[in-house]
Structure formats: structure tokens, C-alpha cells
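Working notes for the structure below.
The values are calculated or read from the model by the stated rules, or taken from the named source; none is laboratory data. Quick caveat: nothing in here was measured; it's all calculated off a predicted structure. Neighbour counts are summed over all protein chains in view; Cβ atoms, including those assigned to glycine, are modelled from backbone coordinates with ideal geometry. The protein model used for the area step is the full one, side chains on, heavy atoms only, and it has no ligands, DNA or RNA in it. Shrake-Rupley method; radii C 1.70, N 1.55, O 1.52, S 1.80 Å.
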Amino acid sequence: MAAPQEILATRVQSALGAALGAEFAETDPVIRPSQFADYQANAALALAKRLGRAPRDVAADIVAQLDVDDMCRQVEISGPGFVNLTLREDWIAAQAQELLNDPRAGVPQQESETVAIDYSAPNVAKEMHVGHLRTTVVGDALVRVLEALGHDVVRQNHIGDWGTPFGMLIEHLLDVGEGSAEAELVKTDPNAFYQAAREQFDGSAEFAARARKRVVDLQAGDAETLRLWRELVELSTVYFNRIYDKLDVTLTDADLAGESKYNDMLPGICDELEREGIAEISDGALCVFLEGFTGREGKPVPLIVRKSDGGYGYGTTDLATVKYRVEHLGARRLLYVIGAPQSLHLRMVWETARKAGWLPEDVEPVHVQIGNVLGADGKILRTRSGKPIRLVELLDEAIERAAKVVADNRPDLDEDTRAGIAREVGIGAVKYADLSVSHDSEYVFDFDRMLALNGNTGPYLQYATARIRSIFRKGGVDPTAAAGPVAVTEPAERELALALLGFGPAVATVGATLEPHRLCAYLFELAQAFTGFFEHCPVLQAEDPAVRDSRFALIATTLRTLETGLNLLGVRAPEQM
Ligand code: ARG
């Protein structure tokens, strides 16, 4: 379904063509929401300059050709040459009715494109930190939105499952004993396991020597070493999955595509780069020097693809991800949902891949930059003792705090129901806090703020859906059966119906900009429009049955829109709150 703004844009463009000549039929009509009408078309101002005419005259010519009688009840030239457009109530009502009947709930169907999306990507035998939490939540919302728009989305969880730390981790696993309680820590408190291995490595020369030997065996493909490595990866996967489960994200084992996956590709990548003259040996290492990438004092910064000891690095693996995703997955858009500080790394990888011909011109790589999550002190969120936060505990605390709110508000509900709501509200609050600010900006992690029932929060939106459901319950009406017909007379009805029509465009905008916070902002506005409606327009108490039916249809559409939107963000909507 096209939004009013889009339909008006087409109409104004036809008028531009008719009034000023066919070459203007594709000019941007500059339609904006307006304070004085529903929308303003501002094209006349810029065009007047180009044509050397008075803007109001140009506007008058456009209006003379404008055919919007079916959708606008007023068209007015104002100020220096704005065209003010006010929609007809019956048109708005018909559009709202169409939305109610739309099986896609207003989400546009786009031409399908294959998109590879790299997100989450925690490291084996290490704690996931709040940065990983945010890429997981943002990445998963993008997956849901792109899939809903009709794209073929391939999730790639690039876990850190290879590299020198595995020497020490494997030796520690052997020392504590496979299957021992210490080994099981990888599943529950990976950092404790990692720290213990680290202490051995730093404290014992004998252990350190064994660990180094183990790295060599691992790289040589020694069978027993590989078995132990795989065991660590599997233990870690149990831990990751526990978090994914709690978070209610769509990632599964089938999406694991860790660093080790690309091992076989790395020698070939280096050979090709060297053969093509893209990489050269510098101080024993194979490096790519790219124009414009310089560090301090203008010294060129290399992308090291093979270290002087023959090992490959993070950059080499990422070159392989580009090649693999383009050649094997057939992706036309490559999304990397990764911390903002890795932007230089990615730009160097992509430029190298372009030079090598692995990244064709028509494939677009995008860094969806993830900003830091800060503590109240303005520094990266950590525990009071300075240790990384244990993500499971953080999520459990959110649920506990939500449980207190639910216990206060709904003592009438039984314990199981309350616990279910607390889970959805607690997790929803944390996820929504990650999503509602632009993904590349920092924000302060604050339980009180994210759990507040007021403001642009998950719980506020969840509460709006629960309120609508309770109206339906009281009225004994099934929300999916509300059929209208929709009529729009009261200003609050008009506002709500207009807000509803903005859903499709908001989802399309997220697909194009990869910014989930725009959907949050939209849903927040819609929930506010609903609150205004709720205050002014009684539903159950409406005397006229036709008004009652229309209002049921409006709130049914609101409910479905809010729930569809929250679902695209990966946030659940409890039936009651
Ligand atoms: N494992 C890395 C980290 O924890 C993130 C990997 C991101 N993905 C990638 N293709 N480089 O920082």
C-alpha cells in the first residue's frame, strides 16, 4: 500500500509535467508534513529560481494542473509559494479500511534481493559483552525487517573460533579434564575459564610452551587437537544459544559461520593478491598498501594478510567473507553489523576486495556501525569491580526488575502469567533500548529508564497493545474479526488513521537506511496517537453502533500495526500487562 505522501508525490509530479513541460515530470515535488495542512508541496520554490519566475505564479500553475479532488478537500497556496494539501476524511477512512483488509498488514513487498548479514559474532570461550548484545539485537531486527520486505536474507554469525588463544584454551581444557566442572564453565561463565587459562599461560613457562606447541598442532590439522578445539566451540555454542534463547533472536546453529570456516580459502587469497601485485612483502609480512589509508605522520597503514610467521589475520578472514558471500551466497548487499571502531578495518578489506575483483561494482557492502553501551559513569559498561558484565546476569536482572513492576500493577494475575509477562517486558525493554537510539551512537544503559511505562520505551508500546486487547476483551469482540467500515470524523480518529497509514513507509525506510530506530520512532508516534484517541473517543461506550464498529476497526488496525512493528524489532507484546 502506498502512503498518502507517496500518492501525493506522484500526483504533484504529473501536475509539474503538465504545467511546466515533460522534463519536469520527474522533479522531486518536495512533499513534507505541514503545520498548516497535512502536507506541503514545496517544489515551486526551487523551480521558480530555475525558471526565473515568481514562485507563487509557478505554484498557481502547478495547482491549476493538480488532480487531487478524490483525496484532498483543500489545496491552497501559502507564503512564498508552498502548496498546502489537506486530505479528505473519506479518503483517509478508505485507506484505513484498505489497510485493515491488507493481509500484509501494510508492509510493502519489494523485489527480492539476496542480503548477507554478519551480526552477533561473539568469541569462543569468552563472555559476550554488551557490544555483542547490541549487534545481536540490531542485526536481528534488520533480518526481520528485510525478510518482511521480501528479501532473501542469509544470516552469518562470524564467531571468533580460531587463532592463537586456542593453544592455551585447549591445554587448560586437558589440565582441568574434559567433562569436569571447570570445563563446563565454558557453557555458563566462559570468562572464568578463559581467565584461568590465561593465568596458567602467564604464570607457568611449562604451560606456555605446551600452549604454543598446541597452536602449531592446531594449524597443522592434528586430529586430536582439532577434536579438542571442536569441543570448546561446541561448549561455547551452548552458552551462545542460551543467550540467544533468552533474547529471543532468530539465530540458530545453522547460521554459524565462524572464522575457521574460511581457513582453506586463506592461502589462495594471499597467492592471488601477491600474483596480481595488490599485496607485497614488507618486513617479512604480506601486506596491502592502499592509497589514502595513512596513520600518524602520513605513514601508510597496511592491511596485513599474512604475518611474518606465516599466520593469517582477522583481515584475511574478512577478505574471505566478502569473496564467499558474493561468490557462494550470491549476495548483492553485504551487511556487517559491527562495532564502530572497526570501520577502518572494513574499508580496507572492501577496497582490497574491489581491487582483486571479488567485490563487483553492483554489490554494496555496508558497515552498520554499532556504538558503545555505557555505564552511568560514561565509560564502557562494566561491573563495579571492572570486570566485563555477565550478559546472562544482566538479562536476568532486567526480568527481575520487570517482575517487580508486574507484581505491583497486576496482583490479580497468577504467578506463572506474571512471570511470563515479566520475561517479555524485561527482555523487550533491553532490546528496545538498544534499538530506539540510532545504532551508531553511544547510549547509557539505565534499567529505570528502559523499563519506564512512559516515553519511547518497549514497555510503553507493549502497554499500548495490552490496553487495546483489554478493550476487545471487555467488549467481547475478537480483534481479528473487526471489519469496520471505518469512518473518520473526530480529529483524534483522523490523527490515528493517518498515523496508521505511515507504517508501510516506515518499514520500507528501515529496509533502505538500515536504521531500526526509525521504526521505533514511528511506533512511538502511533502509540501516542492511540493514547490521544483513547482519551477523546470512547469505543465500548460509543452510542451509535456504526461509530462503535468503526472505532473497533481503528483500534484493531492499531493493535495489529503495533504488534507487527514490535515483532519486526524482535520485541514480544504480552496479551495483558
Ligand atoms: N568476533 C569479533 C569481535 O568480537 C567480531 C567479528 C565481526 N565480524 C566480522 N566479519 N569481522 O569483535
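Key figures
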| quantity | calculated |
| --- | --- |
| First in the stretch 256-279 and closer than 15 Å to Thr321 by Cα, second anywhere and open to solvent by 60 Å² or more (accessible area, probe 1.4 Å) and away from the ligand (no atom under 16 Å from the Cβ), Cβ under 9 Å, 6 or more apart | Asn263/Gln219 |
| All positions within the stretch 397-416 that are touching a residue at least 24 places away in the same chain (Cβ under 8 Å) and either open to solvent by less than 20 Å² (accessible area, probe 1.4 Å) or not hydrophobic (A, V, I, L, M, F, W, C) (or both) | Glu397, Ala398, Glu400, Arg401, Ala402, Val406, Asn409, Arg410 |
| Residues of the stretch 150-167 classified as open to solvent by 10 Å² or more (accessible area, probe 1.4 Å) and part of a helix (DSSP H, G or I), total | 1 |
| Residue in the stretch 124-133 that is surrounded by fewer than 24 Cβ atoms within 10 Å (Cβ to Cβ), modelled with pLDDT of 95 or more and either of a type outside the set (A, V, I, L, M) or out of contact with any helix residue (DSSP H, G or I) (no Cβ under 8 Å at 6 or more places or on another chain) (or both) present | no |
| Those residues of the stretch 431-458 which are in a helix (DSSP H, G or I), open to solvent by less than 30 Å² (accessible area, probe 1.4 Å) and either acidic (Asp, Glu) or free of Cβ contacts under 8 Å to residues at least 60 places away in the same chain (or both), in sequence order | Ala433, Asp434, Phe447, Met450 |
| Candidate set from the stretch 245-255 (those that are in contact (Cβ under 8 Å) with a residue 12 or more places away in the chain and either among the basic types (Lys, Arg) or out of contact with any Asp or Glu (no Cβ under 9 Å at 6 or more places or on another chain) (or both)); member that is farthest from the ligand (Cβ to nearest atom) | Lys246 |
| All positions within the stretch 531-577 that are open to solvent by less than 20 Å² (accessible area, probe 1.4 Å), over 24 Å from Val405 (Cα atoms) and not in a helix (DSSP H, G or I) | Cys537, Val539, Ala542 |
| Leading residue by the ranking (farthest from the ligand (Cβ to nearest atom)) among those in the stretch 319-375 that are open to solvent by less than 30 Å² (accessible area, probe 1.4 Å) and among the hydroxyl-bearing types (Ser, Thr, Tyr) | Thr352 |
| Elements of type helices (runs of 4 or more DSSP H) in the stretch 47-149, at least 2 residues being closer than 29 Å to Gln342 by Cα | 130-148 |
